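Please read the structure below before turning to the comments.
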Amino acid sequence: MKRHAVALCTAMLCAVILSGCSHLSVKHLNKGPWTFSEPQTVATKCWRFEYRVAPVSKYYRIDGTAFPLAESVPEWATWIDDLWISAYLTDARGRILARDVKVYVPQHLSREQGVPFEFWLRLDGQKLPEPLFVSFGYRVKMLAAAQKASADKDMPPVEDVFFASEGALVCH
């Protein structure tokens, strides 16, 4: 699973480098203020992210919980088969200044407890524009139940699948 994260990050970095003056942007995503210690909430199409930002040494920690939105994620979707969540620190135009990604192992989805997260962003002493914002991206595949091995290896089990994704885009 970590190899997939490394491959995705490498592909995104190559796309940015090859596109010259292009940059990654999340201006199309909802954003919340970059404030310390105060609880914040950002809603996306499928998740509500409740979070706090705190400075820790040379890093900034964003921790909290992602809750699936009942109006977007079907009730039958109770098994997280694949989940990636990204946190982005951005300027007012949505340009990404720092980011982190967390890849989750398959697990049961508790709608009441949500999915906890913790991100670590390093800014390397760069001068930051004001104001700053936090945005979240995700890629999720959910099933009605955990997949079971099929007796017929050529025929995968038939079941409902929910897939959704929101994330950074390369802008020119």
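The values are calculated or read from the model by the stated rules, or taken from the named source; none is laboratory data. Just so we're clear, the structure is a prediction, and the values are computed from it rather than from any experiment. Here the Cβ is made from the backbone with ideal geometry for all residues, glycine too, and neighbour counts use every protein chain on show. Ligands, DNA and RNA are stripped out before the accessible areas are found, and what is left, the full protein with its side chains, is counted by its heavy atoms. Shrake-Rupley method; radii C 1.70, N 1.55, O 1.52, S 1.80 Å.
What the table below lists for this structure:
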quantity: Spans of strands (runs of 3 or more DSSP E) in the stretch 41-102 with at least 2 residues out of contact with any Gly (no Cβ under 7 Å at 6 or more places or on another chain), free of Cβ contacts under 8 Å to residues at least 40 places away in the same chain and not small (Gly, Ala, Ser); calculated: 47-56
quantity: Which numbered condition residue 88 misses (of (1) crowded, with 19+ Cβ neighbours inside 10 Å; (2) aromatic (Phe, Trp, Tyr); (3) at pLDDT 95 or above); calculated: (3)
quantity: Residue 134 assigned to a strand (DSSP E or B), modelled with pLDDT under 90 and open to solvent by less than 70 Å² (accessible area, probe 1.4 Å); calculated: no
quantity: Single residue of the stretch 31-62 satisfying the filter (in contact with a Ser or Thr (Cβ under 7 Å, 6 or more places away or on another chain) and open to solvent by 90 Å² or more (accessible area, probe 1.4 Å)) that is nearest to residue 72 (Cα to Cα); calculated: 45
quantity: From the options 27, 45, 31, residue that is modelled with pLDDT of 95 or more, closer than 19 Å to residue 94 by Cβ and charged (D, E, K, R); calculated: 45
